[in-house]
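Worksheet for the structure shown next.
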Amino acid sequence: MNHHLSKKKTDSSRSRRIEMKVVHTIAEVRQWRALFAGSAKIGFVPTMGCLHEGHASLIKQSKQDNDFTVVSIFVNPSQFAPTEDLDQYPRTMDADMTLLKSLGVDLLFAPTAKVMYPQGIPLDVEKQRGPFVSVLGVSEMLEGKTRPNFFRGVATVVLKFLNIITPTVAYFGQKDIQQFVVLNTMCNELFVNTTLIMMPIVRGTEGLALSSRNKYLCDESLQIANNLYRGLHAAETMLTQQRAVCTRESLLDTVQKIWQPFIDQGDFKVDYVSFADWTTLEEVNKFDGKVIISCAVYVKDRKDTTRVVRLIDNVVV
Ligand code: AMP
């Protein structure tokens, strides 16, 4: 065991010589994992692929904190509603593998849906069979209102991954802040022996949070989508500077002022803007604790106007 560890550390401190291992079955992951039982720190970054700098930031942190880093790529059917974009979700496996290799990832686990859901996984919840994990309460707020089974799908697949990989630490992005709250609750209260870490949002130069779904938008609409963050950032500034006198209305007004031209032109349709407590995700009227300012907005593509992309973003103040 120690032999493996010291070899790995020597290799990674010089130029890296160990190739990334790519596996598709649970048995292969377990075989790899058994080499390090009890001795090494294993970091895990679950993804749906179409990787960008946001994903890379999680992986780099894992590389720093752990002896080995595992990444999964799996577009998880159970978190998509029948009306959502499962089939269209961008899949860029070759480019993803190149990036993961360049980052020095040790193991890529890319299972099929059959591996993760032995009984199959129809999108219609009524037809689903087998175990599913619901984290009641926090799953029903914010995103859960528009996407009722989304966090059930996320919690289920992440628990499966944690059971397969048994990582020491798993990394998630603040970009999906509610996901972090849901998963952290799941791990704490199902006594999962993995520590979850939330990493800051990686943004483009003009503020747009990087997201695989940004790929759906033309350049002009991406430019316009920067205003999502401008709106949230204005509310963040207001809250930071005038916390004692802020009201929901004044904060909403601030966001609205920035978004209104784009709402008027049909670029934005707001799903929600929320000012919520950091732990319960309940909407707040007083702003004395840590507040999540978050939003979901439908952005219409200017090039292909039949295309509407739902983007989420948040800031924590
Ligand atoms: P996804 O592939 O979209 O499921 O994302 C995999 C992980 O990357 C999740 O924990 C996301 O929160 C995280 N992530 C996605 N976009 C970003 C970003 N712009 N900055 C930081 N983390 C991100």
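Residues considered: 154, 192, 273. Largest GNM mean-square fluctuation over the chain, using C-alpha springs under 10 Å, is found at 192. The distance linking segment 44-105 with segment 124-145 is 23 Å (Cα centroid to Cα centroid, whole angstrom). The helix-based estimate of mean residue ellipticity at 222 nm for the chain, built from -39,500 (n - 2.57) per DSSP H run of four or more residues and divided by its residue count, is -12000 deg cm²/dmol to the nearest 500. Based on Cα contacts under 8 Å between residues 6+ apart, the chain shows a relative contact order of 15 percent.
Within the set of other residues whose C-beta is less than 15 Å from the C-beta of residue 209, count the net charge using Lys and Arg as +1 and Asp and Glu as -1. Overall, the nearby charge balance is 0. For residue 101, a cut-off of 29 angstrom between C-alpha atoms picks up these lysines, skipping any fewer than 8 places away in its own chain: 7, 8, 9, 21, 41, 60, 63, 114, 160, 175, 215.
Applying both filters, DSSP loop and at most 12 other Cβ atoms within 10 Å, to the GluC sites (Glu not before Pro) of segment 117-213 gives 206.
Compared with the dominant principal axis of the Cα atoms in the chain, helix 248-264 is inclined by about 90°.
If you take all other residues with their beta carbon under 14 Å from the beta carbon of residue 163, and give Lys and Arg +1 and Asp and Glu -1, the sum is +3. A convex hull fitted around the alpha carbon atoms of segment 212-316 yields 93 Å³ per residue. Between the helical axis of 219-241 and the longest alpha-carbon principal axis of the chain there is an angle of about 80 degrees. Relative to the longest principal axis of the Cα atoms of the chain, helix 150-165 runs at roughly 20 degrees.
Any read-out appearing in this document is the output of simple, stated calculations on the displayed coordinates, not a laboratory observation. Values in this document were obtained by computation on a predicted structure and should not be read as measured data. Cβ atoms come from the backbone with ideal geometry, glycine included; neighbour counts cover every protein chain shown.
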